[in-house]
Amino acid sequence: MLSQAVGDNGWVTTAAGAPSVPATNAGAVPASAALFTRAKAVSPGGVNSPVRAFRAVGGTPRFMRAASGAYLTDADGNTYVDMVGSWGPMLLGHAHPAVVAAVREAAGRGTSFGTPSEPEVALAEEIVGRTPVELVRMVSSGTEATMSAIRLARGCTGRDLVVKFAGCYHGHVDSLLADAGSGLVTFAVPGTPGVPAASAAQTLVLPYNDPDAVDAAFAEHGDSIACVITEAAAGNMGAVPPEPGFNAHLAKTCQDNGAVFVSDEVMTGFRVSRCGQWGLDGAREGWRPDLMTFGKVMGGGFPAAAFGGRADLMSQLAPDGPVYQAGTLSGNPVATTAGLTTLRLATPEVYAALDATADAVQQLARQALQAAGVPHVVQSAGNMFSIFFGRTEPVRNFVDAQAQDPSCYRAFFHAMLAAGVYLPPSSYESWFVSYAHDDRALGIIAEALPVAAAAAAAASRQGHTHG
Ligand SMILES: *Cc1c(COP(=O)(O)O)cnc(C)c1O
């Protein structure tokens, strides 16, 4: 029998040093195919969130049955290095022993009280300790967080207009679906049916990283703009970082015009640094958002999200103020325990390791694609990153992001999948690493990349032949 020990990153390792997971073996997927057939009979598209359906890349979505550390195991028993991390939340890796133990214990004490409880207070304290927000309100999804932040901004200013940026996704809030990235662009849905024209008309969509466009919008509509909302660093059109000074410009412009600056850190919060994207720019440059939204990592894999900010604004929420907002499962004791345990384990060493792992994967990808002669840009926003195929200039905004070659990504994605690496099933998504991505996981990625790069090269040549 192999002796077991808990490794530096909290994972049980065998005597040989490898995580206790099955060997990589990406083969046939009859069980996933059968589940997909059953799912399509009872759910639209067979999924509960559109990008999961693999429409952008084709093929059968993998139905996962288990996950541990850096690895996912599908219904057929194939194991993959996971580069999606549940779209960001799994900062420490899947089923981290300490998180699972804390969740089990919390669930044993009761799964929902409908009253205040200690874990939600402790999680709020952790968030207030890491970010510039003074007061925080818990909700259950990032969508709810941005929706509520916008209602609060409108309630506080008595204005209706919302400024957002093309390619930024803030959840499926009516007024925020205009020109959103992520799933919407994956399916080429420009806005979406079902959003009232009156609601869409209250949204001004501007190009990302364009301070002049912001100035022009405020020159024309300044006294009707309730808020500017932006992804703190864009991750939903692929990874597109804010240019130096862009977020600071938004903060100042809002301040000068009596508008509320909402920084959406649902993806970046507690992910790109201990203090999120704000830790990489605002904290250094000396500005703070009026409101912030959080989700993903702060839920530790459970439905927990939050919005928070200046005390004078947050005090306008019921029961202190007139802006109504509520939730049956808000601050749920199991979800907040998972989030709190995750954040307490997310130390500076964890962030340093994530940055190093993200750099290593990007370096490997660049080398493989260069060697195969595939035109591409590997781009990062903190430790989130993605590859834009078919262009060589940096991607600054949504127009740039759309000038990529989706057929290349499709070929690349499937070659990686076959070699045991699970990438986001759309090129308009960021890749995420976790603290559990160790040398073994990097080794699997390094082996897969040259094969996938060759597949991308073939797709690229074919694209050119077909003109
Ligand atoms: C994921 C995401 C959301 C929406 O969060 P959900 O929990 O999926 O509703 C909002 N904003 C950003 C920046 C996101 O990445």
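It is to be established whether one or more residues within the range 314-325 are within 13 Å of the ligand (Cβ to nearest atom) and either in contact (Cβ under 8 Å) with a residue 12 or more places away in the chain or under 24 Å from Arg154 (Cα atoms) (or both). Within the range 314-325, not a single residue is within 13 Å of the ligand (Cβ to nearest atom) and either in contact (Cβ under 8 Å) with a residue 12 or more places away in the chain or under 24 Å from Arg154 (Cα atoms) (or both). Within the range 74-93, take every residue that is outside any loop (DSSP other than H, G, I, E, B) and open to solvent by less than 20 Å² (accessible area, probe 1.4 Å) and give me the one that is nearest to Ser273 (Cα to Cα). Only one residue tops the list, namely Gly85. I'd like the residue in the range 419-467 that is of a type in the set (Phe, Trp, Tyr) and assigned to a loop (DSSP other than H, G, I, E, B) and, out of all such residues, is farthest from Ser386 (Cα to Cα). It comes out as Tyr435. Phe113 meets the conditions (1) away from the ligand (no atom under 14 Å from the Cβ); (2) crowded, with 19+ Cβ neighbours inside 10 Å in every case but one. The failed one is (2). In this structure, Asp174 does satisfy being within 16 Å of the ligand (Cβ to nearest atom), out of contact with any His (no Cβ under 8 Å at 6 or more places or on another chain) and either open to solvent by 40 Å² or more (accessible area, probe 1.4 Å) or closer than 20 Å to Val266 by Cβ (or both). For the range 422-444, the set of residues classified as among the aliphatic types (A, V, I, L, M) and crowded, with 24+ Cβ neighbours inside 10 Å consists of Leu423, Val433, Ala436, Ala441, listed by residue number.
Take Ala107 and decide whether it is surrounded by fewer than 21 Cβ atoms within 10 Å (Cβ to Cβ), assigned by TED's automatic domain parsing to the domain that holds Val272 and either away from the ligand (no atom under 16 Å from the Cβ) or not in a strand (DSSP E or B) (or both). So Ala107 passes the test. From the list Ala67, Ala122, the lone residue that is under 21 Å from Phe294 (Cα atoms) and either in a loop (DSSP other than H, G, I, E, B) or not hydroxyl-bearing (Ser, Thr, Tyr) (or both) is Ala122. Within the range 240-269, the set of residues being more than 16 Å from the ligand (Cβ to nearest atom) and assigned to a loop (DSSP other than H, G, I, E, B) comprises Glu243, Pro244, Gly245, Gly258, Ala259.
The numbered conditions (1) away from the ligand (no atom under 14 Å from the Cβ); (2) open to solvent by less than 10 Å² (accessible area, probe 1.4 Å); (3) assigned to a loop (DSSP other than H, G, I, E, B); (4) not basic (Lys, Arg) are all true for Val272 except (1). Listed conditions (1) within 16 Å of the ligand (Cβ to nearest atom); (2) open to solvent by 20 Å² or more (accessible area, probe 1.4 Å) are all met by Thr131, apart from (2). Looking across Ala259, Ala305, Ala311, Ala283, one residue alone is within 22 Å of Met147 (Cα to Cα) and surrounded by fewer than 20 Cβ atoms within 10 Å (Cβ to Cβ). It is Ala311.
Picking from residues in the range 142-163 that are open to solvent by less than 10 Å² (accessible area, probe 1.4 Å) and either assigned to a loop (DSSP other than H, G, I, E, B) or touching a Ser or Thr at 6+ places or on another chain (Cβ under 6 Å) (or both), the one that is farthest from the ligand (Cβ to nearest atom) is Val162. Just to be sure, is Gln362 open to solvent by less than 20 Å² (accessible area, probe 1.4 Å) and in contact with a Phe, Trp or Tyr (Cβ under 8 Å, 6 or more places away or on another chain)? Answer is yes for this residue. Return yes or no: is Ala403 free of Cβ contacts under 8 Å to residues at least 40 places away in the same chain and surrounded by fewer than 20 Cβ atoms within 10 Å (Cβ to Cβ)? So Ala403 fits the description; yes. When Gly295 is tested against (1) of a type outside the set (S, T, N, Q); (2) farther than 19 Å from Ile127 by Cβ; (3) touching an Asp or Glu at 6+ places or on another chain (Cβ under 9 Å); (4) within 16 Å of the ligand (Cβ to nearest atom), exactly one condition is not met: (2).
Within the range 207-239, the residues that satisfy the criterion of being more than 16 Å from the ligand (Cβ to nearest atom), of a type in the set (A, V, I, L, M, F, W, C) and either open to solvent by 50 Å² or more (accessible area, probe 1.4 Å) or within 24 Å of Asp405 (Cα to Cα) (or both) are Ala216, Ala219.
The values are calculated or read from the model by the stated rules, or taken from the named source; none is laboratory data. Keep in mind that what you see is a predicted model, and the values were worked out from it rather than measured. FYI the Cβ positions are ideal-geometry reconstructions off the backbone, even for glycines, and counts take in every protein chain you see. Ligands, DNA and RNA are stripped out before the accessible areas are found, and what is left, the full protein with its side chains, is counted by its heavy atoms. Shrake-Rupley method; radii C 1.70, N 1.55, O 1.52, S 1.80 Å.
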